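Computed from the coordinates by the stated procedures, all read-outs in this text should not be read as laboratory data. What you see is a predicted model; the values in this text were computed from it and never measured. Reconstructed Cβ throughout: ideal geometry from the backbone, glycine too, with neighbour counts over all protein chains shown.
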Amino acid sequence: MQTTLPILSGLLGLLFLCGCATTRTPLPTVDKVDIDRFMGDWYVIAGLFTPFEKEVHNAVETYERKDDGSIATTFRYRKGGFDGPIKTFHPTGFIYDEETKAEWRMQFIWPFKAAYLVIYLDDDYQHTAIGVPSRKYLWIMSRDWNVPEDDMARILRRVEELGYATNKIEYVPHQWPE
């Protein structure tokens, strides 16, 4: 089982890269990200996912800034159900746009890096949406696993304005102790 994890990570990274190429209008990012405020746990609420992210439950993405400026990332979830096996990936994020810090490159397997764009971020750093230039993949995340309907509606309106097919968005089931 452990020998398949590097292979799956590599395939996930390659799929992510394939979804990043685009000939459409460039996907705008938010104006500015306070990278220290952005660090920490984000519950993955919904999105347009890679094939490896199907049937995920209790998905959480965690960011931690390293001394060299890169972002240690941990993506963990349960596969297939709330009692399914825990899966974990550890890509590394690199801030690509030093001015806004809203454009990163995510590396699942060396030497490939894929665009990772912060396309929505509320003022309180409670909700965010991450996209790729092709608009093939999207991750809507929150600091809380239970997102109020009006907040979710606001995020969905914004990503739809940016060209995402919101009718294809899938939701991640979450079940956490209160």
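For this structure, a couple of remarks:
- For the pair the stretch 95-168 and the stretch 34-59, the centres of their Cα atoms are 9 angstrom apart.
- In this simple spin-label approximation, ALA72 and THR25 carry label points 7 Å from Cα along the Cα→Cβ vector, and these lie 4.1 nm apart.
- The alpha carbon gyration tensor of the stretch 84-139 gives principal lengths a ≥ b ≥ c with a/c of 1.5 or higher and a/b no greater than b/c, which makes the shape oblate.
- For the chain, lysine pairs separated by 8 or more sequence positions, or belonging to different chains, with Cα-Cα distances below 28 Å total 24.
- Adding -39500 (n - 2.57) for every DSSP H run of four residues or longer, then dividing by how many residues the chain holds, sets the calculated 222 nm ellipticity at -5500 deg cm²/dmol.
- Shape of the chain, Cα gyration tensor, a/c cut at 1.5: rounded
- Förster-model FRET efficiency, 22 Å R0, ALA165 and GLU55, C-beta, rounded to 0.05: 0.60
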